[in-house]
Ligand SMILES: C[S@@+](CC[C@H](N)C(=O)[O-])C[C@H]1O[C@@H](n2cnc3c(N)ncnc32)[C@H](O)[C@@H]1O
């Protein structure tokens, strides 16, 4: 393992960019994100973002916030700020390392969160390097949460992405795939391009459409 790889995969590194599919999935569930306070121009997950040079920790919070904070010693300050933003009425969805669940910052953050922690199965893949994270991850949500939100993950039978169904026993397909399947079944014009746009392959979506009792 060379030095650069060690740096990228170490929990002390601040560069653990989030895979886009996960942010997309959560944006569909909670609404689109307005601000990413810990980012670079290349890895930002919201239209407004702050970089290290701007020090996103000390900047104002606005709208719906996506947070994947630097994972060094400063992580506690980022989570305290997230809890504060939540108390001020901002929704904050935070991706955090999940191997330090006995630490002070974790206990405080979980205590302030609006939903129970969502532990992610397996390891995320760093979209920049293609390598798996070496640490497990979880999601913490702060602030006002409307509607029903599931806590147990499920894997969509069509796209294979994980999602958190509101009614776990009933959902085999993520909302996106259910909608794609619905369109494939009832809106003929949507079928040809669906493979590219909605699923990894159009055929499983069509099969899902055929067996979904919509
Ligand atoms: C774990 S990465 C998350 C990147 C991106 N937001 C995402 O979700 O993919 C944390 C990012 O925070 C940036 N960062 C570190 N210290 C920061 C600070 N004080 N203010 C803003 N960004 C910072 C790092 O450069 C890094 O890009």
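Values in this text are rule-based calculations from the coordinates and carry no lab data. Note that this is a predicted model, so its numbers are computed, not measured. Glycine gets a Cβ as well: all are built from the backbone with ideal geometry, and neighbour counts include every protein chain shown.
Figures for the structure shown
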item: Label-point separation in nm, residue 41 to residue 73, each point 7 Å along Cα→Cβ; result: 3.1
item: Alpha-carbon centroids, region 19-42 and region 51-106: separation in whole Å; result: 14
item: Taking region 3-147 and dividing mean pair separation by its residue count, relative contact order in percent (alpha carbons under 8 Å, at least six apart); result: 23
item: Distance in nm between pseudo-label sites at residue 20 and residue 166 (7 Å out along the Cβ direction from Cα); result: 2.8
item: Order of 55, 175 - criterion: other Cβ atoms within 10 Å of each residue's Cβ, fewest first; result: 55, 175
